[in-house]
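All of the numbers you see were taken from the coordinates with simple rules; none came from a lab. None of the values given here were measured: they were computed from a predicted structure. Here the Cβ is made from the backbone with ideal geometry for all residues, glycine too, and neighbour counts use every protein chain on show.
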Amino acid sequence: MTIFAVSFPRRHSSLDSQLHQKMDISMVTCTAPINIALIKYWGKRHEELILPVAGSLSITLDQNQMCAKTTVAWSSNFKEDRFWLNGEEQNINNPRLQSCLTEIKKRSPVTNGYKIHICSNNNFPTAAGLASSAAGYACLVAALSKLFKVEGDISQLARRGSGSACRSLYGGFVEWCRGLQDDGSDSLAIPVAPANHWPELRVLVLVVSDRAKSVGSTDGMRNCVATSDFIRIWAEQCVPQQIIALKKAILDRDFATLAHLTMKSSNQLHALCLETYPPVVYMNDTSHAIVRLIHAFNDYNNSVLAAYTFDAGPNACIVTRKDNVPELLALFHHVFPSSSSDAFVRGIQVNEIPKPNLKIAEKANVQVYPNSVRYIIQTQLGEGPKEVDSHLLSDVGFPKGSN
Ligand code: DP6
């Protein structure tokens with residue numbers, strides 16, 4: 001944490017005594033990662049506390065490719081709490097933001113009563129439909145906890161912003177435990193294994209072209225809990241067993257089991273969505289073509305070498321090992337050719353993309369779908385939030401570049 005005193009610039013020596021006022025300001029900046037659930041979170045048993053009907057388990061992605069960055073500051077000179085996101089001022093009275101702030105203040109030993117300024121950015125396009133709220137709330141809570149000197153578990157605080165955010169507070173493989181307490185005190189994230197436990201793992205994020213606005217995950221899961229006949233069986237029977245099996249597969253580095261469980265969990269989430277009344281549809285034709293391609297790829301190789309997983313949108317995350325990336329990229333290039341001059345593969349680069357194996361595309365019964373995947377981000381597992389020195393707020397506490 002940086003605590004410093006800033007002097008306003010001296011403009012005229014005779015006015016020095018008036019202008020050379022000291023401004024006390026404390027500022028902290030953190031970055032935080034995206035996470036992708038392998039065993040999905042879907043449905044709350046308490047809306048306000050954000051308590052899930054079942055546990056979930058995710059991988060944290062490398063911040064070099066995608067991360068949120070947040071600066072928080074307090075000062076005796078600030079007149080009111082203020083919040084800027086991706087360059088635009090937002091309503092600070094957003095109930096989930098307020099819920100995080102209230103909980104942080106309750107746990108903080110600091111009682112100065114100063115107003116705060118918050119400024120947050122994502123280094124990836126929000127339009128890509130990636131889990132920006134998870135990274136955003138994890139980052140906010142990580143930074144505020146340092147500013148407010150909050151000790152102990154802070155995943156419960158991030159959970160109050162967005163359920164999946166609690167998992168972004170650790171690197172590697174992370175479980176969000178369902179918990180049993182009504183007050184949510186045991187519904188928190190715990191690390192299962194660090195990122196370097198399985199360094200060969202890679203994730204390909206396929207950003208699918210889709211302009212249709214779908215139902216947000218908060219509303220989608222609320223309708224599901226209210227109307228689905230299947231969600232109870234899924235939450236009580238399927239998920240607990242899947243989490244036990246996935247933790248073992250992670251510790252044993254058993255890729256085939258990890259991949260199988262990942263695809264099952266994604267399919268179960270989308271089955272629950274279809275069984276919601278009225279149904280909610282997140283995957284589109286491109287998503288389904290990707291599913292068929294991955295199954296054909298695994299069948300052709302007689303081994304489970306890749307897994308797909310889809311959240312509340314059509315984008316796919318493909319989990320695989322480093323050695324299989326070039327062949328998968330070749331297939332995606334072939335089936336989803338792009339006419340854009342922008343880079344198709346972003347993030348970690350491969351030396352050479354081989355010729356596609358057309359037999360796999362044929363086996364998958366897919367056509368060629370030009371421009372239906374906008375681009376692919378290759379990334380890997382990474383670390384949890386970190387504190388950095390480059391702030392988004394100026395020395396007097398306003399977004400840099402604004403007046
Ligand atoms: C499909 O965490 O966005 O990505 O708790 O209402 O903010 P709220 O929902 P959110 O839901 C994420 C759902 C998911 C699956 C997952 O990440 O586990």
In bins 10 Å wide, starting from 0, what share of all Cα pairs of segment 223-297 does each bin hold, as a percent?
18, 40, 34, 9, 0
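Past 19 Å, Cα to Cα: identify those pairs from K149/K386; K40/K248; K106/K146; K79/K146; K69/K146, in the order given. Please report the intermediate quantities before stating the final value.
On the way: K149/K386 15 Å; K40/K248 17 Å; K106/K146 14 Å; K79/K146 22 Å; K69/K146 14 Å.
In this structure, K79/K146 lie more than 19 Å apart at Cα.
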Within the chain: Cβ-based charge dipole about Cα centre, in debye rounded to nearest 20 (Lys, Arg +1; Asp, Glu -1)
340 debye
Please give the contour-minus-distance gain from K386 to S209: 0.36 nm per residue of separation, less the Cα-Cα distance, rounded to one decimal in nm.
60.5 nm
With label points built 7 Å along Cα→Cβ from the Cα atoms of H288 and D252, find their separation and express it in nm.
3.5 nm
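Between Rg and the Kirkwood Rh of segment 16-173, both from Cα atoms, what is the Rg to Rh ratio? Before the final figure, lay out the partial values.
Details: Rg = 16.5 Å, Rh = 16.3 Å.
Result: Rg/Rh = 1.01.
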Can you work out the FRET efficiency for the pair V396 and Q90, with r the C-beta to C-beta distance and R0 = 25 Å, to the nearest 0.05?
0.80
Rounded to the nearest 500, what is the 222 nm mean residue ellipticity of the chain from helices alone, with -39500 (n - 2.57) per DSSP H run of 4+ residues and division by all residues?
-9000 deg cm²/dmol
log₁₀ I(q)/I(0) of segment 78-151 at q = 0.14 Å⁻¹, via Debye over equal Cα point scatterers, no solvent, to two decimals?
-0.47
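Quick one: dipole size for segment 345-403, taken about the Cα centre, charges +1 on Lys/Arg Cβ and -1 on Asp/Glu Cβ, in debye to the nearest 20.
Working: 7 positive and 6 negative charges, 94 e Å.
Approximately 460 debye in magnitude.
What is the calculated FRET efficiency for N365 to S108, with r their C-beta to C-beta distance and R₀ = 60 Å, to the nearest 0.05?
Details: r = 58 Å, r/R0 = 0.96.
With a Förster radius of 60 Å, E is 0.55.
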Which of rounded, prolate, oblate describes segment 317-403, given a ≥ b ≥ c as roots of the alpha-carbon gyration tensor eigenvalues and a/c under 1.5 marking rounded, otherwise prolate only if a/b is larger than b/c?
prolate
Using the Cα gyration tensor of the chain, the equivalent ellipsoid's semi-axes, largest first and to the nearest Å, work out to 40, 25, 18
FRET efficiency, D182 to E275 (Cβ-Cβ, R0 22 Å, nearest 0.05)
0.20
Extension gain, A343 back to D24 (0.36 nm per residue minus Cα-Cα distance, nm):
110.3 nm
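Sum up the charges of everything whose Cβ sits under 9 Å from the Cβ of Q378, counting Lys and Arg as +1 and Asp and Glu as -1, but leave Q378 out.
Numbers: positive: R202, R346; negative: none.
Its environment carries a net charge of +2.
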Between E236 and H197, what is 0.36 nm times their sequence separation minus the Cα-Cα distance? Round to one decimal in nm.
11.1 nm
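Where the eigenvalues come from the Cα gyration tensor of segment 52-98, what are the semi-axes √(5λ) of the equivalent ellipsoid, largest first, in whole Å?
Semi-axes from the Cα gyration tensor: 29, 18, 11 Å.
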